[in-house]
Amino acid sequence: MTDLPSPETPLYHHPLPALEHWLGELGASRQRANSCLWDLHRPEWSAQIELEVEELKVSWHRDGQVSVRHFPYGLSRADAEAVILAGP
């Protein structure tokens, strides 16, 4: 198990294994074809989370519509989690 920094810690201060552990704790699963892509499914929507070089990209899918947002790695893990789980 990977220890996570405090939730107030910016994402850029998380080692990659910690980010991957966090995404797994959210219920996301890594895509086999691309290790930077994670899928998260909720009853009302689904999301694809991409660990890009400069930012975190989240694409929410609901009722045939897609909403895409980009978040800087300077965002705290708690804020990133709140925004992801809030959905589209």
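A few points about this structure:
- Any hit, the stretch 4-16, residues being out of contact with any Leu (no Cβ under 8 Å at 6 or more places or on another chain), surrounded by 13 or more Cβ atoms within 10 Å (Cβ to Cβ) and not in a loop (DSSP other than H, G, I, E, B): yes
- Candidates are the residues of the stretch 48-59 that are over 22 Å from D3 (Cβ atoms) and not basic (K, R); the one that is surrounded by the fewest Cβ atoms within 10 Å (Cβ to Cβ) is V53.
- Flag for W45 being surrounded by 15 or more Cβ atoms within 10 Å (Cβ to Cβ), in contact (Cβ under 8 Å) with a residue 24 or more places away in the chain and at negative phi: yes
- Checking each residue in the stretch 60-88 for being within 10 Å of the chain's Cα centre (by Cα), surrounded by fewer than 17 Cβ atoms within 10 Å (Cβ to Cβ) and of a type in the set (V, I, T) picks out only V83.
- Options L75, L85, L56, L51: the member that is in contact with a strand residue (DSSP E or B) (Cβ under 6 Å, 6 or more places away or on another chain) and either in contact (Cβ under 8 Å) with a residue 40 or more places away in the chain or not polar (S, T, N, Q) (or both): L56
No value in this document is a laboratory result; all are computed from the given coordinates. Quick caveat: nothing in here was measured; it's all calculated off a predicted structure. Because the Cβ atoms are built from the backbone with ideal geometry, glycine has one as well, and the counts that use them run over all protein chains shown.
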